[in-house]
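**Student:** Take a look at this one; I'll ask things after.
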Amino acid sequence: LTDEEFDLDHPRADKFLLVSIDSWRYDALGRTNPALNTPKFDHLTRDFGLAERFFVTAPATRPSHTSLFTGLYPFEHGLFGQTYLKMFSGIPNLLQLLSAAGYAVTARSERPEVFRFLDFEPFIRPFDATADHQHLGSLETLITALREPETGPRFCFLHFWYTHGGYGMGGIPGAPNLEALVGDGRAEEALRFYYAAATHVLEFVLVEILKVLALDQWAIFIFGDHGEGFCPEVMSHGDCLHEKVVRVPLLAHIPGHGGVRFPAGPSSMIDLFPTIAQLAGLELDYEGYGRNLLARPPATGGDRWVLSELDSLYGIGFLHPGNLLTAHERVTSRTAIDDAELARVEDGIRVWSITDGYRFYRENERSGEFVLRDVVTGHALPCPDPDTYRGIYRRLHDDSRYKAQQLQESSAAEERVLEERLRDLGYIE
């Protein structure tokens, strides 16, 4: 973007804090759910802007974060799903770009191994290298790492895992099965455990970090990498695309200006890449669909639709010894180790959804089954012509400047996956 297109009221920043809260859905925030008891966090972030229509690109940690750091949709960066092993090669990522531009990059995760084999993996370390369980590690150690060095441009990324999966209930004797509670019609009871995990991260961990930072010096973005289901249709995020899974909070603060004015239409995880790059003054050769959220006049949404993708052909569980103990050089393609294709999952699916921030359309690529809903209420909407939405989806693929990335498919297994995908989309007979 040119300076004329950039909001000059927002100066460039040389200190960034990005906070990714795993499985953080839109109603796990005091502003959107008054029942959430997080007064300290709410007070500290009272002037932060809230994007009310912010959507992730995938319901899984690995592809969602890859979109964050590249500004690309999964079909563009190559990580179609959680268990695809690596990205298409040659794609710049934010951590590399900022490091090359002279930023001191600090990236910490409560589950750094989930980023194994990805191009930005070398930057991401545990919260506390001395702790066996990262959520029990020293917060003081983490804060010290964030504040050093005291001078010069800084970029810090934090990934909280406590809100994922077990929701902090590991080791509690007789802990209830939340899926069983939802199945019994007791979703609100199950949600209490999830909300408790979100409260823990926001009120008792993140507050301690935010209150020691000079907010007049830091550009801060706090967001979910995907949401969570807790309903009969979708219990956990990897099961299917759902409005509670793809819509997440995004809070933002720019030094000296408090709340950010977000566009009225939909925004996407891919938008953070050009936004941060612009704030940092990076010169990019970027032609993705991401938009600078600080551009003025703001994008009103108009006919913009943003995409989310789910591919579970190889399952959804990445964190197992077969991946974590495998040497990097043995990963010979995105879906193969030692040139042997990963095991396919019998009930794996490929699903996509698009939204304009108000309507949510989802379709199973293979079966053609579809739904159209109100994003906020989840109520079904009439859909007399699904081809309208299929056409939008096709155009996103057709108009992508990164279509050539798919030519990198190198193994016979990957070529079969690509061929199946193109056939399902109607590109080949």
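Rundown of residues vs (1) under 28 Å from E150 (Cα atoms); (2) in contact with a Pro (Cβ under 6 Å, 6 or more places away or on another chain); (3) open to solvent by less than 10 Å² (accessible area, probe 1.4 Å); (4) not in a loop (DSSP other than H, G, I, E, B), yes/no style:
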| site | (1), (2), (3), (4) |
| --- | --- |
| E189 | no, no, no, yes |
| L202 | yes, no, yes, yes |
| V205 | yes, no, no, yes |
| A214 | yes, no, no, no |
| I222 | yes, no, yes, yes |
| C231 | no, no, no, no |
| D239 | no, no, no, no |
| I270 | no, no, yes, yes |
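**Student:** Oh, and also: May I ask you to list the residues in region 163-172 that are out of contact with any strand residue (DSSP E or B) (no Cβ under 8 Å at 6 or more places or on another chain) and either open to solvent by less than 50 Å² (accessible area, probe 1.4 Å) or modelled with pLDDT of 95 or more (or both)?
**Tutor:** H164, G165, G166, Y167, G168, M169, listed by residue number.
**Student:** Just for region 337-358: of the residues that are in contact with a Phe, Trp or Tyr (Cβ under 9 Å, 6 or more places away or on another chain), among the aliphatic types (A, V, I, L, M) and under 29 Å from A327 (Cβ atoms), which one is surrounded by the most Cβ atoms within 10 Å (Cβ to Cβ)?
**Tutor:** Going through the qualifying residues, I end up with L342.
**Student:** Go through (1) farther than 20 Å from L50 by Cα; (2) among the hydrophobic types (A, V, I, L, M, F, W, C); (3) within 24 Å of the chain's Cα centre (by Cα); (4) surrounded by 14 or more Cβ atoms within 10 Å (Cβ to Cβ) for A295 and report which single condition fails.
**Tutor:** (1)
**Student:** Between A28, A13, which is small (G, A, S), part of a loop (DSSP other than H, G, I, E, B), at pLDDT below 95 and more than 30 Å from I337 (Cα to Cα)?
**Tutor:** When all the criteria are applied, what remains is A13.
**Student:** Quick check, is L158 more than 30 Å from Q408 (Cβ to Cβ), of a type in the set (A, V, I, L, M, F, W, C) and within 16 Å of the chain's Cα centre (by Cα)?
**Tutor:** Here the answer is yes, as L158 does meet what is asked.
**Student:** Those residues that are farther than 13 Å from L98 by Cβ and at pLDDT 95 or above, I need them from region 276-291; list them, please.
**Tutor:** Passing the criteria: Y286, E287, G288, Y289, G290, R291.
**Student:** Which of the following residues is surrounded by 14 or more Cβ atoms within 10 Å (Cβ to Cβ) and not in a strand (DSSP E or B): L307, L372, L313?
**Tutor:** Selected residue: L313, the only one of L307, L372, L313 that is surrounded by 14 or more Cβ atoms within 10 Å (Cβ to Cβ) and not in a strand (DSSP E or B).
Condition check ((1) within 12 Å of L282 (Cβ to Cβ); (2) surrounded by 20 or more Cβ atoms within 10 Å (Cβ to Cβ); (3) touching a helix residue (DSSP H, G or I) at 6+ places or on another chain (Cβ under 9 Å)) across all residues:
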| residue | (1), (2), (3) |
| --- | --- |
| F88 | no, yes, yes |
| P92 | yes, no, yes |
| Q96 | yes, no, yes |
| A100 | yes, no, no |
| Y103 | yes, yes, yes |
| E110 | no, yes, yes |
| R116 | no, no, yes |
| D119 | no, yes, yes |
| F127 | no, yes, yes |
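**Student:** Let me ask another. Picking from Y361, Y389, which residue would you name as being in contact with a Phe, Trp or Tyr (Cβ under 6 Å, 6 or more places away or on another chain), closer than 18 Å to W305 by Cα and either at pLDDT below 95 or open to solvent by 20 Å² or more (accessible area, probe 1.4 Å) (or both)?
**Tutor:** Just a single option satisfies the conditions, and that option is Y389.
The values are calculated or read from the model by the stated rules, or taken from the named source; none is laboratory data. Just so it is clear, the structure is predicted and the values come from calculations on it, not from any experiment. Cβ atoms come from the backbone with ideal geometry, glycine included; neighbour counts cover every protein chain shown. When the accessible area is computed, the model is the full protein with side chains, heavy atoms only, and any ligands, DNA or RNA have been set aside. Shrake-Rupley method; radii C 1.70, N 1.55, O 1.52, S 1.80 Å.
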